[in-house]
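First comes the structure, then the notes that go with it.
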Amino acid sequence: TFTVQSFRDGKNATAFFEQGILKSYTEGKSKNPNGTRIDFSPDPEVFSNGEIGYEYGKICQDIQDISYLYSGIEFIVSNVDTGEKKTYCAKNGIVDFVSQAIKKPLHKHIITGSASDGTDSLEIAFQWGTRHETAYVFVNGLRCPEGGTPITGARAAITKTFNTLANASFEGEYIRKNLFYVINCKVKLRSEERRVGKECR
């Protein structure tokens, strides 16, 4: 089962799903602060290929990563089995991601950049440390382990920019050695992608 509740300006809406099908939807008044609550229990008929289980630590890590993408929003993860509760909130967004990952930075200030065409947007934060090159790429809140086009573009831009500033022709791998960077892309879903998504469902 999957239940999502949205609280906004004294009102609330609740949607309840079973096996991906909307079973009920209600609206009403609420005294809760603005936010969203999600309750999920796996259906054994759907997840029938093995034992159902969760790794609380992995869930917390994923939520922490997501919190960096939405600066100022508080995420609370509760473990109903143990009563453990963890809260994540990144006031400075992906800048906090970089600052917490780099314990021994090679330079003081984290470098940031952003761009938007009014429809799609991108932000990047990076800093050199003492670890190997590491990149985190997110598109619409989902991490892309392989990086894809965003990281290809970022690598090319970083290499070109630093070679221009240094009036040199260093190899990209040399420039990015020990670099840690986070790329957050928000892309509007095109009509063709919406159609394919409906067909997949």
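Data table
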{"read-out": "For the range 1-67: rounded, prolate or oblate by the Cα gyration tensor [a/c cutoff 1.5]", "value": "oblate"}
{"read-out": "Anchor LYS11: aspartates and glutamates whose Cα lies under 14 Å away (excluding residues fewer than 8 positions away in-chain)", "value": "GLU27"}
{"read-out": "Antiparallel bridges, percent of DSSP beta bridges restricted to the chain (to nearest 5)", "value": "85"}
{"read-out": "Set of lysines with alpha-carbon distance to LYS85 below 21 Å, sequence-local pairs under 8 removed", "value": "LYS58"}
{"read-out": "Probe 1.4 Å, accessible area per residue of the chain, Å²", "value": "70"}
{"read-out": "Cα long-axis angle, helix 148-166 against the chain (0 to 90 degrees, to the nearest 10)", "value": "30"}
{"read-out": "Calculated SAXS-style log₁₀ I(q)/I(0) at q = 0.11, 0.15, 0.17 Å⁻¹ - the range 50-156, Debye, Cα scatterers", "value": "-0.43, -0.76, -0.94"}
{"read-out": "Base-10 log of normalised Debye intensity for the chain (one unit scatterer per alpha-carbon) at q = 0.08, 0.19 Å⁻¹", "value": "-0.39, -1.45"}
{"read-out": "Proximal lysines to LYS104, defined as alpha-carbon separation beneath 16 angstrom and excluding residues fewer than eight positions away on the same chain", "value": "LYS177"}
{"read-out": "For the range 123-174: rounded, prolate or oblate by the Cα gyration tensor [a/c cutoff 1.5]", "value": "prolate"}
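The values are calculated or read from the model by the stated rules, or taken from the named source; none is laboratory data. Note that this is a predicted model, so its numbers are computed, not measured. Note: accessible area is taken over every heavy atom of the protein model, side chains too, but ligands, DNA and RNA are not part of it. Shrake-Rupley method; radii C 1.70, N 1.55, O 1.52, S 1.80 Å.
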